[in-house]
1. For the stretch 92-101, name all the residues that are farther than 13 Å from residue 17 by Cβ and not polar (S, T, N, Q).
2. Kindly list the number of the only condition in (1) hydroxyl-bearing (Ser, Thr, Tyr); (2) open to solvent by less than 40 Å² (accessible area, probe 1.4 Å); (3) out of contact with any Asp or Glu (no Cβ under 9 Å at 6 or more places or on another chain); (4) modelled with pLDDT of 95 or more that fails for residue 106.
3. Name, by its number, the condition in (1) farther than 20 Å from residue 81 by Cβ; (2) modelled with pLDDT of 95 or more that does not hold for residue 12.
4. Quick one: residue 59 ticks every box in (1) under 25 Å from residue 111 (Cα atoms); (2) open to solvent by 30 Å² or more (accessible area, probe 1.4 Å); (3) touching a residue at least 40 places away in the same chain (Cβ under 8 Å) bar one, so which box is it?
5. Any chance you could count how many residues in the stretch 122-159 are farther than 16 Å from residue 66 by Cα, open to solvent by 30 Å² or more (accessible area, probe 1.4 Å), small (Gly, Ala, Ser) and in a loop (DSSP other than H, G, I, E, B)?
6. Checking the structure you have, find out if any residue of the stretch 35-49 is surrounded by 15 or more Cβ atoms within 10 Å (Cβ to Cβ), in contact with a Pro (Cβ under 9 Å, 6 or more places away or on another chain) and at positive phi.
7. Could you list, in sequence order, all residues of the stretch 85-107 that are under 16 Å from the mean Cα position of the chain (by Cα) and of a type in the set (D, E, K, R)?
8. With respect to the numbered conditions (1) within 12 Å of the chain's Cα centre (by Cα); (2) of a type in the set (Asp, Glu); (3) modelled with pLDDT under 95, which one is the sole condition not fulfilled by residue 66?
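The values are calculated or read from the model by the stated rules, or taken from the named source; none is laboratory data. Please read all numbers here as calculations on a predicted model, not as lab measurements. Virtual Cβ from ideal backbone geometry, glycine too; neighbours counted across all protein chains shown. The accessibility values were calculated without ligands, DNA or RNA, using every heavy atom of the protein model including side chains. Shrake-Rupley method; radii C 1.70, N 1.55, O 1.52, S 1.80 Å.
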Amino acid sequence: MANKLASEFDNRQYMIHDRFELYYYENTLLTGVDSHKHNYYEILFFVEGNVSMNIENTSYHLKSGDILIIPPNTLHNIINHDLSTPYRRFVFWLSRPYYRSILNFSNELSYIFDNTKKNKHYIYSNDLLAFNSIQSKLFAIIDEIHSERYAKEIKIGTSIYDLIIQLNRMAKKTIETEIYKSHHRLFPNIIQYIENHIHEDLTLNNIAGYTKEKEVVKCLISH
């Protein structure tokens, strides 16, 4: 099925459709793509390969299951380190007008995009089971795009909403897990700091200033 739904790679960096574009690519001789930016959202679902993504002068070596969120006007490019290994991925382009129309349905659907923009959190990793679920949705959308089935456009639209809901749930789970781990790393340090300074004038700001995660510490202590 994957080979059947694969597209021939096109290195253009502009949209020819006004809402979205979704492609599945398999390349073995692609060395990379020049650094560029565009005025739409790009989501890259990394399946296989030995590649790095440079985003705003930071390099990320990709692992199978990684999902990259690249907001509009974000400088990025891909580098392929091994031309003998297939570079397989899905590329999903989302125009800003179409993105805004999705948010008209619910602002909750902006969670992953807001977090990426605010915290520069471009990459979300997934285990095999979770990523296979997302791949199935992507292949189903591509298959529907190339079909002539009844109510095709309605099916595509609802499938895209379903995909974005799953991406937001993935992002929320990832971020909540990172916060949980951060809390448990901080607790022993906070306790040690208090014990070492028990005879001093301990204030919330003093304790928070001891760590790099001041807002997290203030939240923990206040609760």
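1. 96, 99, 100
2. (4)
3. The single condition residue 12 does not satisfy is (2).
4. Going through the list (1) under 25 Å from residue 111 (Cα atoms); (2) open to solvent by 30 Å² or more (accessible area, probe 1.4 Å); (3) touching a residue at least 40 places away in the same chain (Cβ under 8 Å), residue 59 breaks only (3).
5. The total comes to 1.
6. Among the residues of the stretch 35-49, at least one is surrounded by 15 or more Cβ atoms within 10 Å (Cβ to Cβ), in contact with a Pro (Cβ under 9 Å, 6 or more places away or on another chain) and at positive phi, which makes the answer yes.
7. 89, the sole residue that qualifies.
8. That leaves (3) as the condition not met.
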